[in-house]
Amino acid sequence: MNEQPMDAQPRNDTAHRSPQLQPDCARCCGLCCVAPAFDAVQGFGYDKPAQVACRHLRADFRCVIHDELAARGFPACAVFDCHGAGQRVTQQLFAGCSWTASPQIARRMFAAYGKYRVLHELMALLETAIQRVPAGDATRLQERLRQINSLCESGAALEATVRVELIRSNTLQLLRELLVH
Ligand code: SF4
Ligand code: SF4
């Protein structure tokens, strides 16, 4: 995490990514500290159910133990990366609103975050892979990246007919095909 909001926030080097794939916790409402379930075995300090705020999350969405995550038993938070899904859901889909506004908004935000987190991670993988393949293959990856980003940009990713897990498996298959020889 950073000195802004909290969550399992990013300590990774994300500078090589496009801006929309870099977490911007100051423009998020701590979605990663609330929406997902986590447990101590995963490096999150204690067992927390989904859709419940972490006990260390402050009302302003900053992490109380941000500067001592690993020492306090939260090493997974120190390396967590939402690939920019958090601020995109908060700002683009909910106009800067917070999950604290109402239970209905919270449910919708958490569901959106779950989908966008997967799609943003795929886009980050694609961006990296594009730098490592021949031009012809890069074109295929760029097209997949464009398609996924379009789903996110339009909000169509939230439609029930859009099967995020299928997009994920197909994209990973494409990456394997082009990167593993
Ligand atoms: S300890 Fe809790 S509030 Fe802090 S970054 Fe991790 S999940 Fe978020
Ligand atoms: S979901 Fe992403 S942007 Fe939001 S607080 Fe967590 S790491 Fe930061």
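Every number in this text was worked out from the coordinates using simple rules, so none of it is lab data. Not measured: the values here are computed from a predicted model. Note that each Cβ is placed from the backbone with ideal geometry, even for glycine, and that neighbours are counted across all protein chains shown.
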Worksheet entry | Pair R55, A95: separation of 7 Å Cα→Cβ label points (nm) | 3.8
Worksheet item: What order do you get for H66, H16, H120 when you list them from fewest to most C-beta neighbours inside 10 Å?
Response: H16, H66, H120
Worksheet item: How far, in nm, would the chain grow between Q173 and Q42 when pulled straight, counting 0.36 nm per residue and subtracting the alpha carbon separation?
Response: 44.5 nm
Worksheet item: How do T90, T171 line up, fewest other C-beta atoms within 10 Å first?
Response: T171, T90
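Compute the length gained on full extension between E165 and R107: take 0.36 nm times their separation in residues and subtract their Cα-Cα distance, giving the result in nm to one decimal.
Extending this stretch completely gives an extra 18.9 nm.
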Worksheet item: Alpha carbon centre of segment 27-105 versus segment 156-177: separation in Å?
Response: 24
Worksheet item: What chymotrypsin sites (Phe, Trp or Tyr not before Pro) in segment 14-47 are in a loop by DSSP, with at most 15 other Cβ atoms within 10 Å of the Cβ?
Response: Y46
Worksheet, complete the sentence: Computed, not fitted: 222 nm per-residue ellipticity of the chain from DSSP H runs ≥ 4 (each -39500 (n - 2.57)), nearest 500, equal to -13000 deg cm²/dmol
Worksheet item: Dipole size in debye (nearest 20) for the chain around its Cα centre, Lys and Arg Cβ +1, Asp and Glu Cβ -1?
Response: 320
Worksheet item: Fully extended, how many nm does the chain gain between R72 and R132 (0.36 nm per residue separation, minus their Cα-Cα distance)?
Response: 17.8 nm
Worksheet item: Once Lys and Arg get +1 and Asp and Glu get -1 on their Cβ, which of I167, C77, V52 lies farthest toward the positive end of the dipole of segment 19-179?
Response: V52
Worksheet entry | Radius 13 Å from Cβ of A95, net charge of other residues (Lys, Arg +1; Asp, Glu -1) | +3
Worksheet item: When only Cα pairs under 8 Å and 6 or more residues apart are kept, what is the percent relative contact order across the chain?
Response: 21
Practice prompt. Would you list the membrane-span-like helices of the chain, meaning whole DSSP H runs whose alpha-carbon atoms span at least 18 Å along their axis and whose mean Kyte-Doolittle value is at least -0.5?
Written response: 103-130, 164-179
Worksheet item: Considering the dipole of the chain built from charges on the beta carbon (Lys and Arg +1, Asp and Glu -1) around the Cα centre, which of I148, P134, A15 is farthest to its positive end?
Response: I148
Response to the item:
A student applying the Cα gyration tensor rule (rounded when a/c is under 1.5; otherwise prolate if a/b is larger than b/c, oblate if not) would label segment 42-181 oblate
Worksheet item: Counting Lys and Arg as +1 and Asp and Glu as -1, what is the net charge of the other residues whose Cβ lies under 10 Å from the Cβ of A85?
Response: +1
Worksheet item: What shape does segment 66-143 take by its C-alpha gyration tensor, where a ≥ b ≥ c are the square roots of the eigenvalues and a/c under 1.5 counts as rounded, a/b above b/c as prolate, and the rest as oblate?
Response: oblate
